[in-house]
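Computed from the coordinates by the stated procedures, all read-outs in this text should not be read as laboratory data. This is a predicted model, so every value here is computed, not measured. Heads up, the Cβs are rebuilt from the backbone with ideal geometry, glycines too, and the neighbour counts pull from every protein chain shown.
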Amino acid sequence: MNKLIAPSILAADFGNLQRDVEMVNQSEADWFHIDIMDGVFVPNISFGMPVLKAISQHAKKTIDVHLMIVDPDRYIQTFADLGATILTVHYEACTHLHRTVQAIKAAGMKAGVALNPHTPIAVLEDIIKDIDLVCMMSVNPGFGGQSFIENTYKKVSQLKHLIEFTESDCLIEIDGGVTDQNANKLVEAGADVLVAGSFVFKNEDPIKTIANLKSIIT
């Protein structure tokens, strides 16, 4: 499959959110990546349902929602109703992960599981064939603009091996510190989707930046 770019709206200008959403619509980006943080699971609060509703009213591409919250099961149907195409929960936040994944699919969404940088790939062995995406955190979750963790390449290779061994259709998404300097190496290691936040939105020409990333990984 073609490799995908998913700009992270966490890095957008919240004072001009519709403008930035329209920019992503017009760009070569494939998905919108939406980070929902609760200030409990991670030491930051991003935005909640009303902002996601506003984004979904203007977004014309896949909405990839990443929940960095405790007890995500409480909100699965809510995010489905708000237009999420993919709903990703953290392995570390789910006591009954298989049940959570099934509930996400029952609500009509694709199911993703995110792993913190310290969490080994092996924890996914019993769930890998049931999920559509693994979101590999390449920074510690909670804040944008952090430096990329170099050990990510090894973990991506390990995850790719697990996916191939189990004949899973799961996609590998990388979230954190993605730039034009590491995009190609991540794809070579096995990544399918690259989330880029600050690198896109802090650039003077975000549309050109997205196009450049696409050209690197295509």
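Worth a mention:
- Applying a threshold of 6 Å to beta carbon distances and a minimum spacing of six or more residues, or different chains, the list of pairs starting in region 1-27 at a residue that is in contact (Cβ under 8 Å) with a residue 40 or more places away in the chain and ending at one that is assigned to a helix (DSSP H, G or I) and among the aromatic types (Phe, Trp, Tyr) reads Ala11/Phe201; Ala12/Phe201.
- Residue list for region 145-176, restricted to those being in a loop (DSSP other than H, G, I, E, B), closer than 22 Å to Thr85 by Cβ and in contact (Cβ under 8 Å) with a residue 40 or more places away in the chain: Ser168, Cys170
- Of the criteria (1) assigned to a helix (DSSP H, G or I); (2) closer than 19 Å to His118 by Cβ; (3) not hydrophobic (A, V, I, L, M, F, W, C), which one Gly142 fails: (1)
- Phe79 aromatic (Phe, Trp, Tyr) and assigned to a helix (DSSP H, G or I): yes
- Residue among Val70, Val40, Val65 that is of a type in the set (Val, Ile, Thr), under 17 Å from His90 (Cα atoms), buried (at least 22 other Cβ atoms within 10 Å of the Cβ) and free of Cβ contacts under 8 Å to residues at least 60 places away in the same chain: Val65
- Of the criteria (1) part of a strand (DSSP E or B); (2) over 21 Å from Ala29 (Cα atoms), which one Gln102 fails: (1)
- Every residue from region 105-119 that is closer than 22 Å to Val40 by Cα and either β-branched (Val, Ile, Thr) or surrounded by fewer than 22 Cβ atoms within 10 Å (Cβ to Cβ) (or both): Val113, Leu115, Asn116, Pro117, His118, Thr119
- Just so you know, in region 151-207 the residues that are under 19 Å from Val113 (Cα atoms) and of a type in the set (Phe, Trp, Tyr) include one that is surrounded by the most Cβ atoms within 10 Å (Cβ to Cβ), and it is Tyr153.
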